[in-house]
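The values are calculated or read from the model by the stated rules, or taken from the named source; none is laboratory data. Only a predicted model underlies this, so the values are computations on that prediction, with no experimental measurement involved. Glycine gets a Cβ as well: all are built from the backbone with ideal geometry, and neighbour counts include every protein chain shown. For the accessible areas, the whole protein counts, side chains as well, though only heavy atoms, and no ligand, DNA or RNA atoms are used. Shrake-Rupley method; radii C 1.70, N 1.55, O 1.52, S 1.80 Å.
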Amino acid sequence: MSYLSVAAVMRCAVIVLFSLAVAGCGGGEAAPAKLVGQAVLGPLAGAEIRAYLLTDLTTPIAGPITANGSLTDPDQAGRFELTLAAVSAETWVLFTATGGQDIDADDDGELDPTPTPSNGVVHALATAEQ
């Protein structure tokens with residue numbers, strides 16, 4: 001299993017960390033790949049997750065699914081699982097996380113008393129094998 005951390009800019013140049021963990025990828029063969037990740041800006045509880053091929057950014061190849069909506073557990077909030085079917089290991093995929101609630105907006109490791117709504121979209125780019 002390999003891990004990928006991707007930084008993106010969202011809401012007034014805030015740096016966003018979108019962590020992905022992918023299992024079950026191999027070779028260049030098109031086989032389903034299971035992605036396990038977490039949408040974070042502080043964890044984004046309840047964000048809607050989608051995956052797109054770069055050749056078609058209008059039709060998701062996976063999702064939408066809703067990331068874990070826990071407002072009290074930063075280790076679980078924002079976690080999601082997607083399966084990419086018939087995508088080769090070297091294919092680039094765009095992942096998006098829309099909406100949700102940031103439960104640690106200042107990223108100090110402490111839960112905020114009130115979650116902050118995420119009004120934007122977080123983007124992450126990775127190959128299917130990553």
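Summary of computed values
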quantity: Residue-level accessible surface for residue 59, protein heavy atoms, 1.4 Å, Å²; calculated: 80
quantity: For residue 70, solvent-accessible area (1.4 Å; no DNA, RNA or ligand), Å²; calculated: 30
quantity: DSSP-loop GluC sites (Glu not before Pro) across the stretch 69-110, with at most 13 other Cβ within 10 angstrom; calculated: 90, 110
